[in-house]
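A.B. asks: Okay, handing you the structure first.
The values are calculated or read from the model by the stated rules, or taken from the named source; none is laboratory data. Just so it is clear, the model here is predicted, and its values are computed rather than measured. Please note: Cβ atoms are built from the backbone with ideal geometry, for glycine as well, and neighbour counts cover all protein chains shown. In case anyone asks, the SASA skips ligands and DNA or RNA and just uses the protein heavy atoms, side chains included. Shrake-Rupley method; radii C 1.70, N 1.55, O 1.52, S 1.80 Å.
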Amino acid sequence: MSSTMITITKFNGTNYAQWATEMALLLEQKQLYGIIKGYDDKPEEPAANATATEKAALKDWMNCHGVARSTILLSMEPRIQAEYTVVDDAKTL
């Protein structure tokens with residue numbers, strides 16, 4: 001299966017509707033849209049005696065969350081990106 005390249009118009013402060021649509025498509029393609037929409041909530045911090053699978057679930061979510069956040073930030077013009085870099089939560093961003 002070949003992947004299709006999605007071109008994102010950088011968010012410039014006036015093109016939110018177009019940018020948001022393109023961003024949703026990109027995040028869906030990367031299987032990260034659930035983090036933004038809240039379908040994939042952060043797993044609970046595993047207990048000290050948690051299984052490797054339970055620990056891996058949190059690690060996987062944190063990794064996906066980081067990719068989603070970075071993807072969103074990189075799709076913004078630098079002046080806007082600088083303003084939002086302080087937002088740690090991808091869903092809020």
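A.B. asks: Compute the acute angle (0 to 90°) between the alpha-carbon long axis of helix 16-29 and the principal axis of greatest extent of the alpha-carbon atoms of the chain; round to the nearest 10°.
C.D. replies: 40 degrees
A.B. asks: Output wanted: per-residue J couplings in Hz (rounded whole) for the range 44-57, from phi through Karplus 6.51 cos²θ - 1.76 cosθ + 1.60, θ = phi - 60°, x for Gly and Pro.
C.D. replies: 4, 4, x, 5, 4, 9, 5, 6, 4, 5, 5, 5, 5, 4
A.B. asks: Follow-up. Apply the Karplus parameterisation 6.51 cos²θ - 1.76 cosθ + 1.60, with θ equal to phi minus 60°, to every residue of the range 79-84 and state each ³J(HN,Hα) to the nearest whole Hz, in sequence, with x for glycine and proline.
C.D. replies: For the range 79-84, the Karplus-derived couplings read 5, 7, 4, 4, 5, 9 Hz, x marking Gly and Pro.
A.B. asks: What dipole magnitude, in Debye to the nearest 20, does the range 23-84 give about its Cα centre under +1 on Lys/Arg Cβ and -1 on Asp/Glu Cβ?
C.D. replies: Details: 7 positive and 9 negative charges, 32 e Å.
I would put it at about 160 debye.
A.B. asks: Residue separation times 0.36 nm, minus the C-alpha to C-alpha distance between residue 60 and residue 91: what's the value?
C.D. replies: On the way: separation 31, 0.36 × 31 = 11.16 nm, distance 1.64 nm.
Difference between extended and current length: 9.5 nm.
A.B. asks: Take 33, 16, 39 and sort them by solvent-accessible surface of the protein heavy atoms, 1.4 Å probe, largest at the top.
C.D. replies: Result of the area sort, largest leading: 39, 16, 33.
A.B. asks: Would you grab the residues whose amide H sits under 5 Å from the one on residue 76? Only those 5+ places off in sequence or on another chain, please, with H modelled 1.01 Å from N.
C.D. replies: Those qualifying (amide H under 5 Å, at least 5 residues apart or on another chain) are 11.
A.B. asks: Normalising by the residue count of the chain, find the relative contact order in percent from Cα pairs under 8 Å and 6+ residues apart. List each step's numbers first, then the result.
C.D. replies: Values: 73 pairs, mean separation 30.0, N = 93.
This gives 32 percent for the chain.
A.B. asks: How long are the three semi-axes of the equivalent ellipsoid for the range 17-68, computed from the Cα gyration tensor as the root of 5 times each eigenvalue, in whole Å, largest first?
C.D. replies: On the way: eigenvalues 157, 16, 9 Å².
The three semi-axes for the range 17-68 are 28, 9, 7 Å.
A.B. asks: Filter the trypsin sites (Lys or Arg not before Pro) in the range 54-85 down to the DSSP loop ones having no more than 15 other Cβ atoms within 10 Å, then list what survives. All intermediate terms of the calculation are to be shown ahead of the outcome.
C.D. replies: On the way: sites: 55, 59, 69, 79; in loops: none.
Here no trypsin sites (Lys or Arg not before Pro) fit, given the DSSP loop and packing criteria.
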